[in-house]
Each structure stands twice: as C-alpha cells, then as structure tokens.
Amino acid sequence: SVYTPRALPPVEDNEENNIKVLTTKSGTKIILDDTDGEEKILIHTKDGAMRLILDKAKGLSIVNENGDISITCRKLIIEGKDDPDERETEDDEYTLYSTDVNESYKNVQTVKDDMIEGDRFIDLHFTGVRDDMNYTLEISLGKNQGKFNLFENVPLRYLQ
C-alpha cells in the first residue's frame, strides 16, 4: 500500500517499524508486532468482538463475544498449571459429569486425588466413563471464588 495524507497508515506511532497491519476490505485485521519483549500476533474482526491473540508474554487467547467457540480434533489434551501444594488450591473441586438428561455419571475430585505427587500439576483420573456420552468438567475454586467449565458437553472420544 502507498500511504498519503488522505490514506494514512493503520499505525501512527511506529517509528521503529515493528508493527505490520494487514486490513481487509471488510475491516478484519491481522497485526504483527515485533516490539522487543512484547511480540504478538493479533487477528480480529472489524468490531474486535472475535479475536485470536498470540502474545509472547501472556500466551494464547481466543475470544468470541458473539457466540460459541468450537474445537474439533482427534485428541484433545488440556494440561493446566495448578500446584496442588499451594494453599489456595486445597479446596478446589473438579467435577466431571455426563450431560445426558439424568446426569448418570458424576465424579467429584479434589487436589487430594492428585495421581502424581510432587509435580506442579493436578493429574486426575476419572474412571467409569462411557464412550457413548458427552461430558462437562466443572472446576469450583475454593473459598467461594466461583466456578467455571473447562469444557462443556464434549464427546468422550474428543477427550481421550
């Protein structure tokens, strides 16, 4: 692109030429930022409601303020860093339940059920799950800190 006084570049403060922006006709943007120590890639819709951010300092973020996020794959592995030896995690509960009408499967575990002691992760083993069901993993943070679903209504075949 050639920029003129009427067609200004998408980034004004870019003296070191660290930021590159690709903008489509509809306003979707891909922003590459090579600023030392703050490297990131940002892809977002015109209104910014849907965005993918790969940030060297903060990691990966996928946001869709307009609806769902769908992940389909052969095998999904989620490993979170939650040190079972830290006091703030001792009351956390991990509830895996089936999403059939009767919630016929439900298993609640805590950090006391950690399968591999001494590492900085919580490794839980849920037994008795059925291949033909979908599951939700709810994490309840201790001391009334709230709860959230790590995944929701996912077929077991995607979790193995």
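Against the test of being under 17 Å from the mean Cα position of the chain (by Cα) and among the β-branched types (Val, Ile, Thr), the options ILE139, ILE122 yield a single qualifying residue, ILE139.
Among what's in segment 28-66 and is of a type in the set (Gly, Ala, Ser) and within 16 Å of ASN18 (Cβ to Cβ), pick the residue that is modelled with the highest pLDDT. That would be GLY37. From the list VAL101, VAL154, VAL129, the lone residue that is at pLDDT 80 or above, surrounded by 14 or more Cβ atoms within 10 Å (Cβ to Cβ) and not in a strand (DSSP E or B) is VAL129. When LEU96, LEU76, LEU124 are checked against the criterion of being part of a strand (DSSP E or B) and either at pLDDT 75 or above or not hydroxyl-bearing (Ser, Thr, Tyr) (or both), LEU96 stands alone in meeting it.
The values are calculated or read from the model by the stated rules, or taken from the named source; none is laboratory data. Predicted model only: the values in this text are computed from it and were never measured. Counting neighbours? That spans all protein chains shown, and the Cβs are built from the backbone with ideal geometry, glycine included.
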